[in-house]
Amino acid sequence: MSIESSFFSQFTVKSCSVNQSGTKNPTWAHPKILNLRRGPSRSKNLSTRSCLRAAVGDKDGVIIVDHGSRRRESNLMLNEFVIMFRDKTGYPIVEPAHMELAEPSIKDAFGLCVQQGASRVIVSPFFLFPGRHWHKMYWFCATLQDIPSLIAEAAKEHPGVSYMVTAPLGLHELLVDVVNDRLNHCLSHVAGDADECAVCDGTNKCRLYGYVKIYNLTVILQLKAGSETVKLN
């Protein structure tokens, strides 16, 4: 018996069909002695695949979370940013949250996302760099002080809803443009060419400090009169 016939003799015909030309097409069954390793079936992984969507979809809830502040105006700015983010991206489910000191909490925001139909919740820390609030703390910490722990605690009330915590803003190239735009806008405001930005609006904090060289008597008089802007000749 040839090597070729010996090999094929290990297979048995499981079924046989006839193609359009009339030729029989046997379907071979694998012999038991061949240990053909197969991956998990596709049907078994459908639920897993649905959680691994590569982009934000209609069934995703986005939570933008900051630290939280005792200053009400600072907390309201996060709400304004969330509105901007939702309008710009078109994502249907976007909620603000604060780690502490203010409402809504991460737990509240998670629940709101689920109520709106989210089957996956994506948490984006509105922080510049990773710190202790982004890194998961360890068992010896007496309280939940980090975002991963707070999210995990919130998710316990919603079995079947997956979640993830993204990286903070970090070293993103677009942040260079943001910082540069802020610098130039503030300088334009000091020069009298632009209004205060939304952050400084009404605070009068965006101004030039330090010593200014006095050129003439007119400037001295302006300063004594309490003028906020000084024209230098």
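No lab work stands behind these numbers, since they all come straight from the coordinates. All of these numbers come straight from a predicted model, not from anything done at the bench. Heads up, the Cβs are rebuilt from the backbone with ideal geometry, glycines too, and the neighbour counts pull from every protein chain shown.
The tail of the calculated P(r) for segment 60-165 beyond 19 Å holds 41 percent of all Cα-Cα pairs. As a rough guide to protection, the peptides 147-153, 185-191 ranked by mean Cβ packing within 10 Å, highest first, stand as 147-153, 185-191.
Whole-Hz Karplus values for segment 201-207 come out as 3, x, 9, 6, 8, 8, 8 Hz, taken residue by residue from phi with 6.51 cos²θ - 1.76 cosθ + 1.60 and θ = phi - 60°; glycine and proline positions read x. Each of 157, 95 has some number of other Cβ atoms within 10 Å of its Cβ, and from fewest to most they run 157, 95.
The H on the amide N of residue 95, modeled in the peptide plane, is under 5 Å from the matching H of 62, 63, 64, each at least 5 residues off or on a different chain. Coupling constants for segment 183-195 follow from the phi torsions by the Karplus curve (6.51 cos²θ - 1.76 cosθ + 1.60, θ = phi - 60°), and in residue order they are 4, 5, 5, 5, 5, 5, 5, 4, 7, x, 9, 8, 6 Hz; glycine and proline get x. Among 81, 129, 110, the order by Cβ neighbours within 10 angstrom, fewest to most, reads 129, 81, 110. Sparsely packed loop sites in segment 49-102 (the trypsin sites (Lys or Arg not before Pro) outside DSSP H, G, I, E and B with at most 13 other Cβ atoms within 10 Å) comprise 53, 70, 71.
Close amide H contacts of residue 121 (hydrogens built in the peptide plane, cut-off under 5 Å, sequence separation of 5 or more or a different chain): 61, 162, 163, 164.
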